[in-house]
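Structure, as structure tokens:
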Amino acid sequence: MKYLPLIWSGIWRKPGRTILIFLQVSVAFMLFGVLQGLKTGIEHAVQAARADLLIVHSRLSSIMEGLPLGLLEPIRAVPGVRVAIPVGLFFGYFQKPDQGVGIVAVTPDKDWPTAFTYTIAPEYLAAFARSRTAMLVRDLTAEKYGWKIGDHIPLKSTTLGANGTDWAFDVVGTFTDNDVGGGRYIVIINFPYFDEARASDRGTVNHYNVAVTDPKAAVPVADAIDRISANSSHETKTESLREMAQQQMQQIGDFDYLIRAVVSAVLAALLFATATMMVQSVRERTGELAVLKTLGFSDRATFLLILAESVTVCILAATFGLALATAAMPIAARFVPGLSMPLVTLVVGLGMAVVVALVSAAIPAALAARLRVVVALAGR
């Protein structure tokens, strides 16, 4: 403890250089924290995706391609299928083209929400089943546009209906979506009403949502569903929600490798810059270090003194950078759900800060320890 004032005075001998090192280390570890938080968020999204929820869509194209409604009963007859719901998708906007709304048309059969990631109150489900023009609104959508239960909402869409591009629905309830990758601004309407009202593509669906009785049987159930339409003009491809999330991850490559590569490059640059500054600092303090040795400081004490200065700056800077990353996570999680800063990331980050400090200061500290008093003072 008696050496703390000496360490502190050494750190602030050149305030400009100390601040520069502090900022470099802070930015590096803030980037490390943000990347690790992003990795955690993506892993959370994949793990949270349901393995027991299958999406049956066209093998030839995306879920926006039509499938015949006649596949519904054969799918429901497949062993292991608990609930199968046809889904229609189209897009509309409220008042202005930039106020877009994703519209999901479902058949309000018994237990239909179990084939989705939605949470809906029983009274809202009952109201939705009673009215053909009923509409359930996601909580985020209701908040954005100020909609409330009982409102009659006019929407416009490129999907033509009985009134051309004009559609209108009655809000009977709200819901939340537990899928971290789900659309933010969506509404649910009655599929039979939608299918009768649209001007084209009647009797088709964009895809089927299928809930299976056992998540472990999802793969054989998916294979059995795909065999129904094999070698037909509307072959299907059935995937679980988790499989689709994993495929999306694979499309952006090896995320772990990407994070390691970025962090390694940043730390390498940081080591080089910090070591250069520490070497310069020791050279400028040759006379001062010689005086310390004259007063009785050993080579070991001088070596540890330089290391202590480096470790103190790096730990304080890394703590500041990780704190900034942690503070940013709740804000970023509003746009990318699941982002978080695990405690292990903070511990690893501080450990890396110590390693960076020791490695970058090792050579300057060794030079200071080997300094000869006579040679150092001779040049003054």
Rounded Å value of the spacing that divides the Cα centres of the stretch 83-152 and the stretch 306-325: 50 Å
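For the residues 188, 225, what sequence is obtained by ranking on other C-beta atoms within 10 Å, fewest first?
Working: 188 27, 225 24.
So the residues, fewest neighbours to most, are 225, 188.
Taking 0.36 nm per intervening residue step and subtracting the Cα-Cα distance, what contour gain separates residue 264 from residue 328 on full extension?
Values: separation 64, 0.36 × 64 = 23.04 nm, distance 2.23 nm.
Full extension from residue 264 to residue 328 adds 20.8 nm.
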Fewest-first sequence of 116, 91 by Cβ atoms within 10 Å of each Cβ: 91, 116
Relative contact order (%) - criterion: Cα under 8 Å, at least six apart; region: the stretch 53-213: 39 percent
Relative contact order of the stretch 119-177, defined on C-alpha pairs under 8 angstrom at six or more residues apart (%): 47 percent
Virtual spin-label span in nm between residue 131 and residue 363, 7 Å along Cα→Cβ: 7.5 nm
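Using 0.36 nm per residue of separation minus the Cα-Cα distance, give me the extension gain between residue 217 and residue 119 in nm, one decimal. Write down the numbers at each step before the final one.
Values: separation 98, 0.36 × 98 = 35.28 nm, distance 2.43 nm.
Taking residue 217 through residue 119 to full extension adds about 32.8 nm, to one decimal.
Read-outs throughout are calculated quantities, based only on the coordinates presented, and are distinct from any laboratory measurement. Quantities reported herein were computed from a predicted structural model and do not represent experimental measurements. We place every Cβ from the backbone using ideal geometry, glycine too, and count neighbours over all the protein chains shown.
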